[in-house]
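Asks: Mind looking over this structure? Questions follow.
The values are calculated or read from the model by the stated rules, or taken from the named source; none is laboratory data. This one's a predicted model, so the numbers in the text were calculated from it and none came from an experiment. Every residue, glycine among them, receives a Cβ derived from its backbone with ideal geometry; neighbour counts consider all protein chains shown. For accessibility, only protein heavy atoms count, side chains too; no ligands or nucleic acids. Shrake-Rupley method; radii C 1.70, N 1.55, O 1.52, S 1.80 Å.
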Amino acid sequence: MIVRKGMGRAKSLLALLMALLFSFATYNLVAMIMEHKADGLELSNRKLMRSNSKFHVAVTATDAAYNQWQCRIMYYWYKKVKDMPGSEMGKFTRILHSGWPDQLMDQIPTFVVDPLPDGLDKGYIVLNRPWAFVQWLEKADIQEEYILMAEPDHIFVNPLPNLAYESQPAAYPFFYIKPDQNEKIIRKYYPEEKGPVTNIDPIGNSPVIIKKSLMEEIAPTWVNVSLRMKDDPDTDKAFGWVLEMYAYAVASALHGVKHNLRKDFMLQPPWDLHVEDRFIIHYTYGCDYNMKGVLTYGKIGEWRFDKRSYLMGPPPKNLPLPPPGVPESVVRLVKMVNEATANIPEWDSINRS
């Protein structure tokens, strides 16, 4: 009897334990399902709150041959990826700030704007970029709710979704934009009452996906800050060729705008070795290698690709591929340039200075 009673108690305890474990597992499963549904509902709601999630691709450019051939390659790849799954690209505009039409008007959708008055850019041609955006935003019929600010030396390597959300734009963080290390200069344009300089994102204006209405507020400030910075010798010396990038970062911070920093927005060969799931190749740096595939940056390599080698006209078709050992990002870049030049009509003649 004692043994049977003990066994009965054990069975009862085991049954109770199993019931508790089952209840706990059921609760966790239900919680996971509810959480998944909530996440999905939140994402759906975020999409619904954006009445038009497509973004307009806008690139500022001059009529120089150097800019023209880059824009042609960029537009070729825009057309290739625009309608791929995952893309939220809308229309495309080359904002031409030379003040008059050029020979690419029939090939690339283009909006002509005026350059800054003579002498105002002090030889720094990029200073025309913010002024070009102000004019385009005021005069053009832009149907999309968002804008991607891009540059001629961008190639779309993967379909690009809208990385922005409402009042928070998306931007790529640049390692060389360091507001916190230039506080003395930054305070000339971003006073202490606005808050710490860490409010300023380490970005330029490109690549940035931003709501059009927000860009309309920031753009005039961006122009003014750019001109003030260029007019100040200390700022001009400190920021040099990235002055206009700092100006956008400061201007957006003056409007209380913080960007969602996305390292996957872009890659920059030769420093970024792999494309992976990134969206844009930015070929601003020269790629120099010996025939063993070793980088010789700062020294002209036995094999090289550098956009600055083609200031007066486009690169030739069928560029030689890099030697074995060169990173995948560089190989992919050259293959994409070669595909574009092989398929763009009149490649060798239409854009030469």
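Asks: I need the peptides 71-84, 214-227, 264-277 ranked by packing, meaning the mean over residues of other C-beta atoms within 10 angstrom, with the highest value on top.
Replies: Per-residue mean Cβ counts within 10 Å order the peptides as 214-227, 71-84, 264-277.
Asks: Please calculate how many Å² of accessible area the stretch 102-242 carries per residue, with a 1.4 Å probe and no DNA, RNA or ligand atoms counted.
Replies: 43
Asks: A follow-up question, please. Round to a whole number: what % of the accessible area of the stretch 137-187 belongs to carbon and sulfur, probe 1.4 Å?
Replies: 42
Asks: Would you mind getting the Kirkwood hydrodynamic radius of the stretch 169-240 from its Cα pairs, rounded to one decimal in Å?
Replies: About 13.3 Å, per the Kirkwood formula over Cα pairs.
Asks: Shifting gears a bit: What list of ³J(HN,Hα) values in whole Hz, one per residue of the stretch 162-175 in order, does the Karplus curve 6.51 cos²θ - 1.76 cosθ + 1.60 (θ = phi - 60°) give from phi, with Gly and Pro shown as x?
Replies: The phi angles translate into 7, 8, 8, 8, 6, 8, 10, x, 10, 8, 8, x, 9, 5 Hz.
Asks: So, one more: If the convex hull of the alpha-carbon atoms of the stretch 235-353 is projected onto planes in all directions, what is the mean projected area in square nanometres?
Replies: For the stretch 235-353, averaging the hull's shadow over all directions gives 10.2 nm².
Asks: Sticking with this one: Measuring with a 1.4 Å probe in the full set of protein chains, what accessible area per residue, in whole Å², belongs to the stretch 267-353?
Replies: For the stretch 267-353, the solvent-accessible area averages 50 Å² per residue.
Asks: Out of the total accessible area of the stretch 201-353 (probe 1.4 Å, heavy atoms of protein only), what percent is carbon and sulfur?
Replies: 53
Asks: Something else: Starting from the Cα coordinates of the stretch 86-167, work out the convex hull volume and express it per residue in Å³.
Replies: Measuring per residue, one finds 135 Å³ for the Cα hull of the stretch 86-167.
Asks: List the residues whose amide H sits under 5 Å from the amide H of residue 146, counting only those 5 or more places along or on another chain, with H placed 1.01 Å from N in the peptide plane.
Replies: Those qualifying (amide H under 5 Å, at least 5 residues apart or on another chain) are 56, 212.
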